[in-house]
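Okay, so here's the structure we're looking at.
The values are calculated or read from the model by the stated rules, or taken from the named source; none is laboratory data. Please read these numbers as outputs of a predicted model, since none were measured by experiment. Here the Cβ positions follow ideal geometry from the backbone for every residue, glycine too, while neighbour counts run over all protein chains shown. Only protein heavy atoms, including side chains, enter the accessible area calculation; ligands, DNA and RNA are left aside. Shrake-Rupley method; radii C 1.70, N 1.55, O 1.52, S 1.80 Å.
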Amino acid sequence: MTGIDLCNRLLFNASMVQALTVALASGSYPIHFYGGETTGIPGALAELDRQGRLSVVLTDEGVVRAQPGFLAANFDRRPRLVLPAGEKSKSLETFGRVHDFLAANKLTRQGVLWIVGGGVTGDLGGFAAATYQRGIEYVQVPTTLLAMVDSSVGGKTGINLSAGKNLVGAFHHPRAVHIATDFLRTLPPREFAAGLAEVIKYGLLGDAALFARLEKTPVGAASAELGEIIRRCCELKAAIVQADEHETAAEGGRALLNLGHTFGHAIEQVTGYTAYLHGEAVAIGLAGAARLSQKLGLIPAADAVRVEQVLAASHLPGRLRGPLPVAELQAATTRDKKNRADGVRFVVLNSLGAAATRAGIPPATVEAVWRELGAV
Ligand SMILES: NC(=O)c1ccc[n+]([C@@H]2O[C@H](COP(=O)([O-])OP(=O)(O)OC[C@H]3O[C@@H](n4cnc5c(N)ncnc54)[C@H](O)[C@@H]3O)[C@@H](O)[C@H]2O)c1
């Protein structure tokens, strides 16, 4: 080993935090964490090369603009498909483009799709990987906070239809997840805040200490504890996914990850996925879930106020920015794909740090929450 090799190896080890394993009945995969510019990605690619397996890259225009150096350093001249940035890419049309790209590069079932991007690229690319030649392996390299703490872990992949969000998809777990927090340095503040909504969600649904920590000091892109918080969210998600991989638990389980999302998805749908980022809609949904829990007598009014204060400190909305028709929001809520035969299922808070699923909530109670959130 040369001096330079040794130096690189030391630098690499210093920037790496121990990997986390998502242990599933269907197979396990690692989540690697990196604090600096150096990652294990080139090594992982080299290993696939040695096995004669072709790696291709899926990313979006926003990542290419913000992170040209990272892409060049890690993926060199590997075949690359660059998608338009934004939720509109989670469409049937773009899904077909990804398949065409894989086929044009003659990917066999041994090929690997590397997905470098946020939740949109991850959900779309994961679904393309689930379906191309009946399933190939893919690796998630999340570049937004939301994707790091949520969408890159858990194997839910999919696209939207005009009838609703994530209506077509598959459970297909990645081969590995590589989380490099360095990416967050270029993430626009509004996107960073949107990711914080999911972080707050994890505190509320399963970790009172995490929520208290967020309450004490709002987290920013430069916060020293950001890496640790991202890892904690991944631990919480991994534990829930391990216990209920395909969301079949009668109560609780993976559905708890939907905290704030029944309200949030309705807001996204009624506003045509344009006015609010996903995380912003979820933030209003978290405020809604807290108000609903209060109305059901599960938490005191003061706790609902605490939720709104954390959202505000994180530069997130706790109410609609402008009035929306309550009838449309209610109708969208009843179309949520998490619903079962017994009606709309909400995730409610038993305390700030413990959530539960609840069906049979009177529509009038939900409507009252919508009105408090600013619907008319
Ligand atoms: N599969 C799941 O379990 C799951 C969970 C939560 C959310 N989601 C999905 O995730 C999607 C939202 O993901 P998102 O918030 O990451 O949005 P996104 O993928 O659209 O990314 C947000 C924007 O940031 C840009 N960007 C990405 N990384 C950047 C970087 N490092 N620097 C500068 N710009 C960067 C992108 O180009 C894009 O414009 C939604 O479709 C949602 O349904 C899925």
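Numbers below:
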quantity: Those residues of segment 228-272 which are open to solvent by less than 50 Å² (accessible area, probe 1.4 Å), part of a loop (DSSP other than H, G, I, E, B) and either touching a residue at least 40 places away in the same chain (Cβ under 8 Å) or within 30 Å of Gly374 (Cβ to Cβ) (or both), in sequence order; calculated: Glu245, Gly252, Leu259, Gly260, Thr271, Gly272
quantity: Some residue of segment 64-83 being over 25 Å from Leu167 (Cα atoms) and among the aromatic types (Phe, Trp, Tyr); calculated: yes
quantity: Inter-residue pairs, beta-carbon under 7 Å, first free of Cβ contacts under 8 Å to residues at least 40 places away in the same chain and in segment 85-102, second within 15 Å of the ligand (Cβ to nearest atom) and not acidic (Asp, Glu), 6+ apart; calculated: Ala85/Gly62; Gly86/Val120; Ser89/Leu83; Ser89/Val120; Ser89/Leu124; His99/Ala128
quantity: Which numbered condition Ala368 misses (of (1) at pLDDT 95 or above; (2) within 16 Å of Lys165 (Cα to Cα); (3) touching a Lys or Arg at 6+ places or on another chain (Cβ under 8 Å)); calculated: (2)
quantity: Residue count, segment 77-112 (criterion: closer than 30 Å to Glu268 by Cα, modelled with pLDDT of 95 or more and touching a Phe, Trp or Tyr at 6+ places or on another chain (Cβ under 7 Å)); calculated: 3
quantity: Residue ranges of strands (runs of 3 or more DSSP E) in segment 152-227 with at least 3 members open to solvent by less than 10 Å² (accessible area, probe 1.4 Å); calculated: 176-180
quantity: Test for Gly322: is it at pLDDT 95 or above, more than 27 Å from Gly155 (Cα to Cα), among the small types (Gly, Ala, Ser) and open to solvent by less than 40 Å² (accessible area, probe 1.4 Å); calculated: yes
